[in-house]
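Encoded as structure tokens, the structure appears first; notes follow it.
Every number in this text was worked out from the coordinates using simple rules, so none of it is lab data. In this text, all values refer to a predicted model and were calculated from it rather than measured experimentally. Neighbour counts run over all protein chains shown; Cβ positions are idealised from the backbone, glycine included.
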Amino acid sequence: MAKGHFFSFEGIDGSGKSLMQQLVGKRLKETGYSVLLTKEPGGSDLGKQIRKWLLDQSSAALSAKEELLLFSADRVRHVDLVIKPALAAGKIVLCDRYIDSTVAYQGGGRGLDKDFIERINDFATGGLKPELTFYLDLPLEIARRRQKTQLDKIEQQNGNFFQTIIDSYRQLALQYPQRIIRIDATSNITAVAEKICLHIEDYLAKAGCSHE
Ligand SMILES: Nc1ncnc2c1ncn2[C@@H]1O[C@H](COP(=O)(O)OP(=O)(O)O)[C@@H](O)[C@H]1O
Ligand SMILES: [Mg+2]
């Protein structure tokens, strides 16, 4: 049985996932926890190649099915070779995107059947779910303003596409209220990080976790 703890960050690009993962990770490390920061796609060695290829501007656009299966293949390896060993070693794993991204992007965004995606997710992960998932909820216009100027291929899709993704994330948060915590990401950086840290600290205290 896993000794560590597993938390994920979700949201559209520009919502603050990477920054929050860094800030929360730093705070947990300062508290004395052993922390692993990782991400999808690209958390495994295979995944890094897939990610490079997926985001390569010169390759032809991938179909939704190809995206689903490539991201899922990365996930199999990421879970087996990175996440599970870290949990077994007692680490806190903070993952930037995980199963909910696939439901929101390939399901909501690209129209594949969400129930089928959930089954693929279960198949890929062996049912490993994060204990808590922080969904950084941010209106599209604000996310765009915060984002880097160079958008990758997925990010270049139109606003409608992203609104569907936001709607899918919100629906997931309602569907899994125990696991997915919707965080208002319009607040300032310190306030958002603080809110997430409080949820994690509260969760770890209830789980009777000690890093000593
Ligand atoms: N709460 C916030 N308020 C203002 N700016 C933020 C906030 N959270 C993140 N940012 C900034 O917005 C940009 C996108 O954040 P990032 O963490 O890269 O998002 P993501 O990983 O979700 O794409 C970065 O420049 C980051 O510093
Ligand atoms: Mg990021």
In nanometres, what is the gap between the two model label sites at GLN171 and LYS206, each 7 Å from Cα along Cα-to-Cβ? 2.7 nm
Using the count of nearby Cβ atoms within 10 Å as a rough guide to exposure, how do CYS197, CYS95 rank from fewest to most? CYS197, CYS95
Return the long-range amide H neighbours of ILE180 (sequence gap of 5 or more, or a different chain), with a cut-off of under 5 Å between placed amide H atoms. THR133
Could you list the residues of segment 17-35 with an amide nitrogen less than 13 Å from a label point located 7 Å from the Cα of ARG146 in the Cα-to-C-beta direction? 17-23
Which of the residue pairs LYS29/LYS195; LYS65/LYS129; LYS52/LYS195; LYS91/LYS114; LYS3/LYS52; LYS52/LYS91 have a Cα-Cα distance greater than 25 Å in the structure shown? LYS52/LYS195; LYS91/LYS114; LYS3/LYS52; LYS52/LYS91
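Give me the compactness ratio for the chain, meaning the Cα radius of gyration over 2.2 N^0.38 Å.
Cα Rg divided by the expected 2.2 N^0.38 Å: 0.98.
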Residue-wise, which Karplus ³J(HN,Hα) couplings in Hz belong to segment 98-103, taking 6.51 cos²θ - 1.76 cosθ + 1.60, θ = phi - 60°, and x for glycine or proline? 7, 4, 5, 4, 5, 5
Under the helix-only model (-39500 (n - 2.57) for each DSSP H run of 4 or more, divided by the residues of the chain), the mean residue ellipticity at 222 nm, to 500 deg cm²/dmol, is -15000 deg cm²/dmol
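Within 10 Å of each residue's Cβ, count the other Cβ atoms and sort ASP100, ASP80 from fewest upward.
Arranged by neighbour count, lowest to highest, ASP100, ASP80 become ASP80, ASP100.
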Can you tell me the dipole magnitude for segment 60-212 around its Cα centre, using point charges on the Cβ only (Lys, Arg +1; Asp, Glu -1), in Debye to the nearest 20? 180 debye
Inter-site label distance for THR190 and GLN163 at 7 Å from Cα along Cβ, in nm: 3.6 nm
In nanometres, what is the gap between the two model label sites at ALA73 and LYS48, each 7 Å from Cα along Cα-to-Cβ? 1.8 nm
Karplus-derived 3J(HN,Hα), 6.51/-1.76/1.60, for each residue of segment 166-176, Hz, glycine and proline x: 4, 4, 5, 4, 5, 5, 4, 5, 6, 6, 10
